[in-house]
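Chemist: Here you go, one structure.
The values are calculated or read from the model by the stated rules, or taken from the named source; none is laboratory data. Here the structure is a predicted model, which is why all the values come from computation and not from measurement. In this analysis, Cβ positions are derived from the backbone assuming ideal geometry, glycine residues included, and neighbour counts consider all displayed protein chains.
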Amino acid sequence: MKGLYRIIYVTGMKPKPPPDEHRPALLRALTAGLERARPAAAEWLAAHEDRFTLVSWTRLFYSVAYDITLDLPGLERLLRAPVADAAERREIDSLRRRLARVRHLVGDSFPALTGLMASPELENTLTQVRRYLRNDDGVGVGIRALLESALMDAWRNGERVVLIGHSLGSVIAYDCLWELSREAQAAGRVDQLVTLGSPLATRFIRRALKGADRPAPTRYPANIARWANFAARGELVAVHRRLEPFFRGLVPAIEDHPDIYNHFHGAGGINPHKSYGYLIHAQVAGLIGDRLLE
């Protein structure tokens with residue numbers, strides 16, 4: 001439908017639930033956030049759920065799916081209490097988490113120390129990210145093809161696009177937009193890019209992005225109208241919580257929000273990186289809602 005927005009959501013890494021289970025859960029979180037921040041947008045999305053497209057690519061990466069029932073208690077808790085309380089904020093801002101972030105920053109600044117500073121979980125994450133960046137077995141190309149198809153369908157239909165990339169999904173989104181604008185020279189653009197818990201500014205990722213070896217301005221995608229970046233306190237994937245210093249000049253301004261609280265509770269306790277906790281946050285939902293109401 002021409003002129004209306006389409007939300008395209010690109011998942012992060014690690015196995016995900018089957019799309020027919022994951023998509024409704026993501027929609028519940030976003031709709032709940034909109035109900036608090038932009039009620040009219042929540043009503044619109046509830047009436048136009050078909051305009052939420054999930055780009056679920058992890059089946060190309062992993063042989064197993066994630067059991068969504070492990071997330072449902074945490075999601076229900078978020079729906080009951082969408083704002084972090086004082087105890088949750090203290091946990092997120094704890095010395096233990098701050099020191100873990102410092103270790104990651106040191107490892108990013110001094111690559112030779114990465115092996116010493118990185119936790120086993122981070123090492124596994126880095127291994128998987130490199131697999132995407134190197135395009136092992138064509139997996140990077142295959143993943144971007146899924147997003148390219150969704151974007152081209154939206155542009156052919158004259159739809160405006162809010163593109164949301166969570167975690168590694170933000171890297172996939174960036175690479176795909178660069179290829180579409182600089183190589184394919186596709187005419188469409190993304191009206192609003194939203195990155196959540198993004199590792200885009202991590203040194204080794206930054207150096208491997210599409211266009212990284214090009215001179216400015218062709219180093220950057222040319223099809224992003226607006227970019228808002230959200231990074232939660234306690235985040236260990238978004239080591240650099242601000243992206244504007246690293247991608248200055250790509251758009252008139254990258255709107256960084258580096259200090260929000262994501263208090264999703266999983267089996268291992270609070271997880272400030274979880275997608276549901278980002279989508280339900282009033283600042284994230286409010287920005288998306290502003291676009292939907294245009």
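Chemist: State all residues of region 1-36 that are of a type in the set (A, V, I, L, M) and either modelled with pLDDT under 95 or under 23 Å from residue 80 (Cβ atoms) (or both); if no residue qualifies, say none.
Modeler: Correct list: 1, 4, 13, 25, 26, 27, 29, 30, 32, 34.
Chemist: Report whether or not residue 288 is in contact (Cβ under 8 Å) with a residue 40 or more places away in the chain, out of contact with any Pro (no Cβ under 7 Å at 6 or more places or on another chain) and β-branched (Val, Ile, Thr).
Modeler: On the way: in contact (Cβ under 8 Å) with a residue 40 or more places away in the chain: yes; out of contact with any Pro (no Cβ under 7 Å at 6 or more places or on another chain): yes; β-branched (Val, Ile, Thr): yes.
Spelling it out, residue 288 is indeed in contact (Cβ under 8 Å) with a residue 40 or more places away in the chain, out of contact with any Pro (no Cβ under 7 Å at 6 or more places or on another chain) and β-branched (Val, Ile, Thr).
Chemist: Okay, moving on. Quickly run through region 140-174 and pick out the residues that are at positive phi and within 15 Å of the chain's Cα centre (by Cα).
Modeler: 167
Chemist: Could you tell me whether region 221-230 includes any residue that is of a type in the set (Phe, Trp, Tyr), touching a strand residue (DSSP E or B) at 6+ places or on another chain (Cβ under 7 Å) and either crowded, with 24+ Cβ neighbours inside 10 Å or under 17 Å from residue 57 (Cβ atoms) (or both)?
Modeler: yes
Chemist: Right, next: Does region 1-27 hold any residues that are over 17 Å from the mean Cα position of the chain (by Cα) and either surrounded by fewer than 19 Cβ atoms within 10 Å (Cβ to Cβ) or within 18 Å of residue 169 (Cβ to Cβ) (or both), and which are they?
Modeler: Residues satisfying the conditions are 1, 2, 3, 4, 18, 20, 21, 24.
Chemist: Something else now. Out of all the residues in region 166-195, which are in a helix (DSSP H, G or I), among the β-branched types (Val, Ile, Thr) and under 17 Å from residue 254 (Cα atoms)?
Modeler: Within region 166-195, 171 is the sole residue that qualifies.
Chemist: Going through 46, 87 one at a time, which residue ends up being under 27 Å from residue 258 (Cα atoms), more than 20 Å from the chain's Cα centre (by Cα) and among the aliphatic types (A, V, I, L, M)? Don't jump to the end; show me each part of the working.
Modeler: Working: 46 fails: under 27 Å from residue 258 (Cα atoms).
Selected residue: 87, the only one of 46, 87 that is under 27 Å from residue 258 (Cα atoms), more than 20 Å from the chain's Cα centre (by Cα) and among the aliphatic types (A, V, I, L, M).
Chemist: Let me ask another. Any idea which of (1) part of a helix (DSSP H, G or I); (2) more than 29 Å from residue 185 (Cα to Cα); (3) of a type in the set (Asp, Glu) is the one residue 290 doesn't satisfy?
Modeler: For residue 290, the exception is condition (2).
Chemist: Can you tell me which residues in region 267-277 are buried (at least 18 other Cβ atoms within 10 Å of the Cβ) and part of a loop (DSSP other than H, G, I, E, B)?
Modeler: Hits for region 267-277 are 271, 272, 273, 274.
Chemist: A further question on this structure: Could you list all residues from region 235-266 that are surrounded by 18 or more Cβ atoms within 10 Å (Cβ to Cβ), assigned to a loop (DSSP other than H, G, I, E, B), within 16 Å of the chain's Cα centre (by Cα) and of a type outside the set (Asp, Glu)?
Modeler: Selection gives 236, 237, 238, 239, 240, 241, 243, 261, 262, 264.
Chemist: Kindly state which helices (runs of 4 or more DSSP H) lie completely within region 100-165 and contain at least 1 residues that are at pLDDT 75 or above, surrounded by 16 or more Cβ atoms within 10 Å (Cβ to Cβ) and touching a strand residue (DSSP E or B) at 6+ places or on another chain (Cβ under 9 Å).
Modeler: Those helices (runs of 4 or more DSSP H) span 139-156.
Chemist: Looking at region 53-84, which of its residues are over 21 Å from the mean Cα position of the chain (by Cα), over 14 Å from residue 271 (Cα atoms) and assigned to a helix (DSSP H, G or I)?
Modeler: Passing the criteria: 69, 76, 80.
Chemist: Among the listed residues 60, 75, which satisfies the condition of being surrounded by 15 or more Cβ atoms within 10 Å (Cβ to Cβ) and at pLDDT 95 or above?
Modeler: 75
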